[in-house]
Amino acid sequence: MSQLQEYLRFLITLTAVLDPFLAIPIFISVTAARDEASRRRLAKVVTITVFVVLAGSALFGEALLKTLGASLPAFQVGGGLVLLLMALAMLNAKVGEMRQTRAEAEELEAGEVSGVVPLAVPLLAGPGAISTTIIAAQTGGLVHVVGLIACVALLCGALWWLLRVAHAVGERVSTTALNVATRLLGLILAAIAIETMADGLKVLFPGLT
């Protein structure tokens, strides 16, 4: 796989994992009673938080794996399983407890949290996005990691814009349309998750090939 194809695959995978279409209705509900300036501040803080978490995962993911004593193939299987569970929830147009538990959702609805948590973490930059970034960062050196961080920055820029226009989108786009987009991303994510698990299993169990 060429370097450009690898970055493109990372962008597509991370887009499916973050699923901004799923975040739009949640962002709208969190900011319904806020003024425009407050919404913009929250969108900015959420985006910066997502970038810092994912960029940190790319930079320090290898050290984390070594500290845990986990091999990359084992992490691929585990990370792929996380992505598959997220994909199954997305195919049903649901958030899924992998992203947000019932208790976290109730706290968010009650206004007991700021919106950064759990909107930025773990709804957007959760286990799926973190594991995807760590796995992608293991295939190259520092220059490769810088390229991944650039991809993360590009995606976060798009996320920031979507959150900025979330209320306008919510007024013009139906929930059904957003759910259809989420299901399509879920289908893509399911395929990528299975391939990620297969790559890890081939190394852990060479007899499978």
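Numbers for the structure displayed
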| quantity | calculated |
| --- | --- |
| Of all residues making up region 13-63, the number that are assigned to a helix (DSSP H, G or I) and exposed (fewer than 15 other Cβ atoms within 10 Å of the Cβ) | 10 |
| In region 91-116, the residues that are outside any loop (DSSP other than H, G, I, E, B), modelled with pLDDT of 75 or more and within 20 Å of CYS156 (Cβ to Cβ) | VAL116 |
| Listing of helices (runs of 4 or more DSSP H) fully contained in region 117-209 that carry 3 or more residues being out of contact with any Cys (no Cβ under 6 Å at 6 or more places or on another chain), over 24 Å from LEU85 (Cβ atoms) and touching a residue at least 24 places away in the same chain (Cβ under 8 Å) | 142-164, 166-172 |
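The values are calculated or read from the model by the stated rules, or taken from the named source; none is laboratory data. Values in this document were obtained by computation on a predicted structure and should not be read as measured data. Please note: Cβ atoms are built from the backbone with ideal geometry, for glycine as well, and neighbour counts cover all protein chains shown.
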